[in-house]
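Just so you know, all these numbers are worked out from the coordinates, no wet-lab data involved. What you see is a predicted model; the values in this text were computed from it and never measured. Heads up, the Cβs are rebuilt from the backbone with ideal geometry, glycines too, and the neighbour counts pull from every protein chain shown.
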Amino acid sequence: MSSEMVKTTYREAMRAALREALQRDHRVFLMGEDVGRYGGCFAVSLGLLEEFGPERIRDTPLSESAFVGAGIGAAMAGMRPIVEIMTVNFSLLALDQIMNNAATLLHMSGGQCNVPLVIRMTTGAGRQVAAQHSHSLEGWYTHIPGIKVLAPATLADARGMLWTALQDPDPVLIFEHGSLYNMSGALPADAGAVDIRSAAVRRPGTDVSLITYGGTLGTALAAADALATDGVDAEVIDLRSLRPLDDKAITGSVAKTHRAVIVDEGWRTGSLAAEVSARIMEQAFWDLDAPVERVCGAEVPMPYPRHLEQAALPQADAIAAAARRAVG
Amino acid sequence: MSRTATKVARSAAAHRRDLLRQMLLIRTFEDKCVELYSAGEIHGFVHLYIGEEAVATGVNQALTADDNIVSTYREHGHALARGLPLDSVMGEMYGKTTGCSHGRGGSMHLFDVSRRFYGGNAIVGGGLPLAIGIALADKLRANGGVTACFFGDGAVAEGEFHECMNLAALWDLPVLFCCENNLYAMGTALERAHAQTDLALRAGSYGMAAWPVDGMDVLAVEHAACSAVEAIRAGGGPHFLELRTYRFRAHSMYDPELYRDKGEVEEWKKRDPIDQLAATMRNGGELTDADLEAARGELTREIDEAIAAARAAPAEPVEDLTRFVYSPESS
């Protein structure tokens, strides 16, 4: 049964997800810097203060460690907080709470203190906001056992991942790429919760697997279009969940195409791309017809000028070139 | 009837006996821990509370079973005062499955959610945001709960402390901040780390009631905690007690104590909270030396039984190594 399609944006889809969560579960509240009266620094929560009031759309002082930790405490005490951090760079001020408490309490307490907390934050570059607002550090967070890490790259995932994350008994981090908020398209009017475990094939293909997530999904799809004109049929895998990784989807695609290019906006050294590459080597080595390729962010703090910023980011032509090398 | 009211209804002498027994339990437990550590039976970092027993014992008198406690890595006293069973605390020291944290935490990470005892947090200052969140949950649900948050003078130097003082006051949260000022952050004396050493004054600057208390006098601690908690329950917002105390033993079992004079330690030992209360009771004819010895003997037997139980308890099978990383019902 098909539902009516409605035009929307990534930002509006995220807002609809927040509204649904606040309506359906009285334990849910949103907390963070400028989420209320300002409407969210990316306008995601615009209008929610008027609808739900200041207790549930809670503006905080600039105290990342305290309000992230407060989210953990409230979650332990039975609430379902959603904490918003303006950017991943600022989340480092709360890294102690995320790593030493949110990810650790369940284990340290012998299974007593689960932390059903959702932390949302913006990640990524492309808006010329330089070296303290632009990084892609989600790969760091995937290093930590005890948390789950999501990267919604589509309207459906922006709309649907939050509710599923809120049902999870453990902490879930959602990374929203800053360049996606204005992405527009159509969603079914009744779009809702989606699974948060599996990767998705965004473009089926047979010659090479382009494996990516978040802000570079569009870039990888553009590269696949360019490759198609050369007769190379690329498959594009959207990881969606960065921890845990959907190993089956990754190795399943590589078993079909025998070649892999991993696209990751994070710095190359010690990256999520390195982890995916290692898993392909461990689990699908004999399926490979070519070395795994990586297209990653350049190892430089993000520069301000547009041409340098773009040079630091994975681009479609570099992805296509890597795919051609792999295809041979 | 509130617990405080129940206490008033009982005889003051019986109440003092309870307080003495509580402090003796903590002292005897930790004296045993020293022996067990030296004998290689328990391991890791073990931070002793010896000398500070009046703080945990006194503050606990103000709390009900519906209140919450967030504590530090020097938390044996807080856990025992809260009523965690001896077997479960000793089991945790041994890293056994009978431990209050299933053996996963050890001395620094005692948890018992059924008693609203939320650790056992070993990042200095890291427990304060948790207390803020637990108190926020209570406030949003308007259930009247109070969260007692213990931390030391060392935490006052952390940024998280100041973020949390501000948030608690800004949001008018039901938190009792219990700053155990034992004058040393590990080996760094208060005056070597703080430009302003009046900690109550600093907390007060955030717009909350804050005052210093003689942390060696259990009755003074109890009185301060009860009046603070009463004010918090009446909607008075967060309160801060600077509990001036002293640890008689090293920071942890590894500490050679090069940073303080033995004379200073001896001076503070003259104010031993157990000796002080016992002297008051003796003077009032409420306690004899024989009573004291009998209580010590009884507690020693109970602790020895807990040790025997911990020794006999099963260790967790290695196959269970990755348990408790995610919840079993995790999607």
Average projected area [Cα convex hull, the stretch A:5-188], square nanometres: 9.8
Principal axis box of the stretch B:3-313, alpha-carbon based, largest edge first, Å: 48, 43, 42
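Taking the Cβ of residue A:28 as the center, what net charge do the other residues with Cβ under 11 Å away carry, scoring Lys and Arg +1 and Asp and Glu -1? Before the final figure, lay out each step's value.
Values: positive: A:19, A:24, A:27, A:56, A:80; negative: A:20, A:25.
Net local charge, residue A:28 excluded: +3.
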Two-decimal Rg/Rh across chain A, once Rg and the Kirkwood Rh are taken from alpha-carbon atoms: 0.97
Count, lysine Cα pairs under 21 Å in the protein assembly as shown, 8 or more residues apart or across chains: 5
Sparse-neighbourhood loop sites, chymotrypsin sites (Phe, Trp or Tyr not before Pro) in the stretch B:251-331 - DSSP loop, at most 14 other Cβ within 10 angstrom: B:254, B:259
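Under 11 Å from the Cβ of residue B:90, count the other residues' Cβ atoms, weight Lys and Arg +1, Asp and Glu -1, and hand me the total.
Details: positive: B:32, B:96, B:311; negative: B:41, B:87, B:92, B:302, B:304, B:305.
Cβ neighbours under 11 Å give a net charge of -3.
Compute the orientation-averaged projected area for the stretch A:200-327 from the convex hull of its Cα atoms and round it to one decimal in nm². Display every interim value, and only then the final one.
Working: hull surface 28.9 nm².
Orientation-averaged projected area of the Cα hull: 7.2 nm².
What is the average number of partner chain Cβ atoms found within 10 Å of a Cβ in B:162-170? Show your work: numbers first, answer last.
On the way: counts 2, 11, 6, 1, 3, 7, 2, 0, 3.
Average neighbour count from other chains, rounded to a whole number: 4.
Which of the trypsin sites (Lys or Arg not before Pro) found in the stretch B:98-134 are in a DSSP loop and have at most 11 neighbouring Cβ atoms, other than their own, within 10 Å?
On the way: sites: B:104, B:115, B:116; in loops: B:104, B:116.
Filter output for the stretch B:98-134: empty list.
Rounded to the nearest 0.05, what FRET efficiency do residue A:182 and residue B:115 have when you use their Cβ-Cβ distance and R0 = 56 Å? Could the numbers behind the result be given before it?
Working: r = 50 Å, r/R0 = 0.90.
According to the calculation, E is roughly 0.65.
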MRE, 222 nm, helices only [DSSP H, n ≥ 4, -39500 (n - 2.57), over chain B, to nearest 500]: -14000 deg cm²/dmol
Sequence-distant residues sharing a close amide H with residue A:6 (under 5 Å, placed H): A:187, A:189
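Work out the mean other chain Cβ neighbour count within 10 Å for the residues of A:74-84 and drop it here as an integer.
Numbers: counts 10, 4, 9, 16, 4, 7, 0, 4, 0, 1, 0.
Across A:74-84, the average partner-chain Cβ count within 10 Å equals 5.
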Degrees between helix A:247-257 axis and first principal axis of chain A (Cα, 0 to 90, nearest 10): 20
Rounded to whole Hz, the Karplus (6.51, -1.76, 1.60) HN-Hα couplings of the stretch A:177-182, x for glycine and proline: 6, x, 7, 8, 4, 8
Hz values of 3J(HN,Hα) by residue in the stretch A:296-308 - Karplus curve (6.51, -1.76, 1.60), Gly and Pro given as x: 10, x, 5, 7, 8, x, 5, x, 6, x, 4, 5, 6
Between helix A:217-229 and chain A: long-axis angle, C-alpha atoms, 0 to 90°, nearest 10: 20
Angle between chain A longest axis and helix A:64-76 axis [Cα atoms, degrees, rounded to 10]: 80
DSSP beta bridges in the protein assembly as shown [antiparallel fraction, %, rounded to 5]: 20
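Would you calculate a helix-derived [θ] at 222 nm for chain A, using -39,500 (n - 2.57) for each DSSP H run of n ≥ 4 and dividing by the full residue count, to the nearest 500?
Details: 12 runs with 114 residues, N = 328.
So the calculated ellipticity at 222 nm is -10000 deg cm²/dmol.
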Share antiparallel - DSSP beta bridges, the stretch A:200-327, percent rounded to 5: 20
Per-residue ³J(HN,Hα) for the stretch A:148-164, Karplus 6.51 cos²θ - 1.76 cosθ + 1.60, θ = phi - 60°, Hz, x for Gly and Pro: 10, 10, 10, 9, x, 10, 10, 4, 5, 6, 4, 6, x, 6, 4, 4, 5
Binned Cα-Cα distances of the stretch A:129-283, short to long, each 10 Å bin given as a whole percent: 11, 39, 37, 12, 1
Computed FRET value (nearest 0.05) for residue B:189 with residue A:90, which takes r as the C-beta separation and R₀ as 30 Å: 0.30
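Checking understanding here: applying a Kyte-Doolittle mean of at least -1.0 and a length along the axis of at least 27 Å (C-alpha), which whole DSSP H helices in chain B pass?
Numbers: long enough: B:12-38 (39 Å, -0.19); B:289-312 (34 Å, -0.34).
Those that pass (Cα extent of 27 Å or more, hydropathy at least -1.0) are B:12-38, B:289-312.
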With 20 Å bins from 0: P(r) over the protein assembly as shown, alpha-carbon pairs, percent: 18, 44, 28, 9, 1
Peptides ranked, highest mean first, by Cβ atoms within 10 Å: ranges B:49-55, B:233-239: B:49-55, B:233-239
Amide proton proximity set for residue B:182, modelled H, under 5 Å, gap of 5+: B:153, B:245
For chain A, the longest site-free run once GluC sites (Glu not before Pro) in DSSP loop states with at most 13 other Cβ atoms within 10 Å are removed: A:56-298
Most fluctuating residue given options B:98, B:188, B:147, as computed from a GNM of chain B linking Cα atoms under 10 Å: B:188
Trypsin sites (Lys or Arg not before Pro) lying in DSSP loop within the stretch B:267-313, provided at most 14 other Cβ fall within 10 Å: B:270
Beta bridge orientation in chain B: antiparallel %, DSSP, nearest 5: 10
